[in-house]
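The values are calculated or read from the model by the stated rules, or taken from the named source; none is laboratory data. Not measured: the values here are computed from a predicted model. FYI the Cβ positions are ideal-geometry reconstructions off the backbone, even for glycines, and counts take in every protein chain you see. Areas reflect the complete protein model, heavy atoms only, side chains present, ligands, DNA and RNA absent. Shrake-Rupley method; radii C 1.70, N 1.55, O 1.52, S 1.80 Å.
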Amino acid sequence: MASKQLFATVLQRQGAAVVLVLVVAVSWLTFPNFGTVDNLRDLALQSSFLAVIALGMTFVIITGGIDLSVGSVYALGGVLAAYGSQWGFFGALLLPLVACGLIGLINGFLVAKTGMAPFIVTLATLLFARGLLLAISHEGSTTYKIAADSAFLTLGRGTFLGIGYPVYIAAILFVVGGIVLRRTAFGDTVFATGGAENSALLMGLPVARTKMAVYTMSGVLAGFAGALTAAYLESGVTVIGVGTELDAISVVVIGGTLLTGGAGSVLGTVVGVLLRDVIQNIINQIGTLDSNYQAVVSGGFLLAVVVVQRVLARNRERR
């Protein structure tokens, strides 16, 4: 019985990592271009933007919540960064962080203080952020450019040892996020809030404050990812971010974080991001398949993961 329980726990938490290793190994042997330095470098760079968004989503989902606004907030962050670049490096960085963090704070306040469903609250701010984005960009007709000599571009286009700065930034954020989640009282409260909120309240834990903090974090990180993307593209592109919230949720869940809350890890989210982007890269390597197949594969894989997680969660509850 103990061995079965251990196997179920490993499957829930490390199953995606096993699949990732197998997929990478097969792809490395099958596609000559997959294992090249250029391809792996590009894969890491493209994964870094979604990874930053997914980090914030990980904390939100562990508390038992959901944040549907991150896609629009991500796009808004990019436009605000490009717009703010006229005031220099700090203008380009602080404007999206403050504005997007404020949207996250509003999400957290409404969820924590009014008891409104996270789905409804964040759906409303999704529409708000997208509307604000269109207002700033005059219905998308205005694209704000970042000056070629702006120091802010270094965040998105700078490299060290041939690897883009966004990869290092994402790695640092995940290390910090992992430490906060696993080694601090705040992290313990995040797990307690998602695992048994009523018990956490009876223990005197700051549940409301924790929810406000994780939603604010999600908004800040989504805005920061948008700012990094703007620095990489040298402009605030208005059409990005559509469906990004679904990508962020899917990679977090694929990485082993339970949608019901109370269990998850930032390392699992990294695995989920890499698995999604490796699948997309493989489809691009094949060449004869439409890129839409990536959504089909990701959707099918996500459905299978959610079903398995639900079965494992029920078995754990019975014990």
Of the listed residues (173, 221, 181), the one being at pLDDT 95 or above, surrounded by 21 or more Cβ atoms within 10 Å (Cβ to Cβ) and either within 19 Å of residue 252 (Cβ to Cβ) or out of contact with any strand residue (DSSP E or B) (no Cβ under 6 Å at 6 or more places or on another chain) (or both) is 221
Looking at the stretch 45-53, is at least one residue out of contact with any helix residue (DSSP H, G or I) (no Cβ under 8 Å at 6 or more places or on another chain) and farther than 27 Å from residue 111 by Cβ?
no
Contact list please: Cβ distance under 6 Å, first residue in the stretch 20-45 and closer than 16 Å to residue 280 by Cβ, second residue surrounded by 15 or more Cβ atoms within 10 Å (Cβ to Cβ) and among the small types (Gly, Ala, Ser), pairs at least six apart or on different chains.
34/27; 45/164
Being among the hydrophobic types (A, V, I, L, M, F, W, C), open to solvent by less than 50 Å² (accessible area, probe 1.4 Å), at pLDDT below 90 and part of a helix (DSSP H, G or I): is that true of residue 192 here?
no
Please verify whether the stretch 42-49 includes one or more residues that are touching a Lys or Arg at 6+ places or on another chain (Cβ under 9 Å) and open to solvent by less than 20 Å² (accessible area, probe 1.4 Å).
yes
Among the residues of the stretch 132-145, is any aromatic (Phe, Trp, Tyr) and closer than 15 Å to residue 78 by Cα?
yes
State yes or no: is residue 83 closer than 25 Å to residue 175 by Cα and either of a type in the set (A, V, I, L, M, F, W, C) or in a helix (DSSP H, G or I) (or both)?
no
For residue 247, work out the one condition from (1) at pLDDT below 85; (2) open to solvent by 30 Å² or more (accessible area, probe 1.4 Å); (3) not aliphatic (A, V, I, L, M) it doesn't fulfil.
(1)
Across the stretch 127-142, which residue is nearest to residue 71 (Cα to Cα) among those that are in a helix (DSSP H, G or I) and open to solvent by less than 30 Å² (accessible area, probe 1.4 Å)?
129
Looking at (1) open to solvent by 70 Å² or more (accessible area, probe 1.4 Å); (2) in a helix (DSSP H, G or I); (3) in contact (Cβ under 8 Å) with a residue 24 or more places away in the chain; (4) closer than 21 Å to residue 45 by Cα, which one does residue 119 not meet, given that it meets all the others?
(4)
